[in-house]
Amino acid sequence: MPYYLKENKIELLKNGKDYFASVIHSIKQARQNIFVEAYIFSHDVTGIKILTALKEAVKRNVEVYLLLDGFGSRDLSQEVIDEIKASKIHFLFYHPKISPYQMKRISLRRLHRKMFLIDHKIAYVGGINIIDDMNVPNGKAPRIDYAAQLQGPAVHFISQSMVKLWKRVSWSHLEKSYVPKHIHKNITSYPNGTRLNFIERDNFRHRQDIEKAYLHAIQNAKDEILIANAYFIPGKKFERALIEAARRGVSVTLLLKGEMDYFLSNATRAFYGKFLKEGIGIFEYTRSFMHSKVAVIDETWSTVGSSNIDPFSLLLAREANIVVFDKSFASQLKRNIKEDIRFGGTEILLKDWDKAHLIKRLKARMAYLFIRLSLGVANI
């Protein structure tokens with residue numbers, strides 16, 4: 001059985017409205033330092049609120065460290081960047097000015113984590129970028145997504161990861177960005193609290209940690225696997241694990257994105273025929289823009305984080321998830337996913353998929369083959 005840290009406090013947060021209200025409240029309570037990591041920082045209504053809260057924290061002599069991905073946040077104007085730096089926020093881009101279309105492994109390694117760390121006591125981990133719920137690429141708002149607020153022993157490991165990454169990126173920029181050497185980590189424990197673990201994916205020691213956590217849970221599932229993931233293009237091991245679970249009599253249900261915001265997203269549908277024939281249930285979320293990256297297995301194991309189930313997340317990007325071993329949290333997350341299915345999901349049936357959707361199936365095959373070819377060119 002995987003190792004879980006005991007005595008944590010966790011709160012599930014759905015969508016930006018609840019998430020950013022909680023984050024801004026925590027920022028206002030900060031007294032020492034704040035670390036922020038994001039793939040996308042959009043200078044919209046929500047981005048301005050977060051930036052304002054961070055600038056106000058600096059005025060209280062709180063050290064603020066903002067690390068953004070150079071590709072995901074490429075639309076951030078120079079004017080806004082100058083504004084951030086002028087406010088005395090420590091600011092860096094992760095892999096700036098690198099195009100992912102170069103098909104080089106280094107250019108595809110993005111910072112895809114979405115995290116806040118407040119005074120090394122409170123952490124936020126999830127799939128929510130710094131962008132407004134109503135700011136969606138297809139115009140079908142609001143954005144559906146999840147995150148969690150954490151307190152307790154697990155925050156210590158999140159703190160270590162975020163500080164270490166900041167130092168590494170700062171060094172790569174040849175910049176001396178001050179980080180206290182001896183950060184006071186007064187971690188509070190919560191007796192009878194939640195068992196969970198922080199798992200990350202990098203390109204060093206933790207390359208397969210998130211995928212292994214998923215596979216262990218799926219391979220040991222007895223009753224039900226429920227996955228809601230926006231970009232779902234599993235590798236062979238993951239695909240085989242789901243099929244074997246279905247053959248064992250485990251109920252397997254996938255909630256996937258119905259609106260394809262990128263052509264390559266169509267590759268998800270390349271798996272429909274095979275999965276449907278094995279009795280795996282597939283629903284496409286079509287009510288609005290889905291960005292979820294969550295799962296619940298046997299109403300005990302669950303995960304919330306930034307990692308998609310695709311080659312870019314599982315083989316290339318820096319990702320961060322929490323894995324929770326708790327019936328109460330799993331039940332709450334399951335209820336939310338089931339609500340998403342009930343109110344926004346469209347079931348894909350095998351008889352309909354085989355007889356119709358010819359254009360969708362062709363797009364799916366083309367997108368999947370392009371991804372496989374791209375990975376081969378990049379030697380991944």
(request) Return yes or no: is ALA221 in contact (Cβ under 8 Å) with a residue 12 or more places away in the chain, buried (at least 19 other Cβ atoms within 10 Å of the Cβ) and not in a strand (DSSP E or B)? (result) yes
(request) Quick one: LYS59 ticks every box in (1) within 29 Å of TRP301 (Cβ to Cβ); (2) charged (D, E, K, R); (3) surrounded by fewer than 21 Cβ atoms within 10 Å (Cβ to Cβ) except a single one, so which number is it? (result) (1)
(message) I'm checking my understanding of the structure. Among residues of the range 201-218 that are within 29 Å of GLU259 (Cβ to Cβ) and touching a residue at least 40 places away in the same chain (Cβ under 8 Å), which one is surrounded by the most Cβ atoms within 10 Å (Cβ to Cβ)?
(response) TYR214
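Conditions tested, residue by residue: (1) closer than 30 Å to ARG335 by Cα; (2) in contact with a Lys or Arg (Cβ under 7 Å, 6 or more places away or on another chain).
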{"site": "LEU13", "(1), (2)": "yes, no"}
{"site": "ALA21", "(1), (2)": "yes, no"}
{"site": "ILE48", "(1), (2)": "no, no"}
{"site": "ALA53", "(1), (2)": "no, yes"}
(request) Name the strands (runs of 3 or more DSSP E) wholly inside the range 263-356 in which the number of residues that are touching a residue at least 60 places away in the same chain (Cβ under 8 Å) and more than 26 Å from PHE370 (Cβ to Cβ) is 3 or more. (result) 293-297, 301-305, 319-325
(request) Among the candidates LEU13, LEU66, LEU5, single out the residue that is without any contact (Cβ under 8 Å) to a residue 60 or more places away in the chain and of a type in the set (A, V, I, L, M, F, W, C). (result) LEU66
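Rule-based calculations on the coordinates, nothing more; no lab input. Quick caveat, the model's predicted, so the values are computed rather than measured. Don't worry about glycine lacking a Cβ; one is built from the backbone with ideal geometry, like all the others, and counts go over all protein chains shown.
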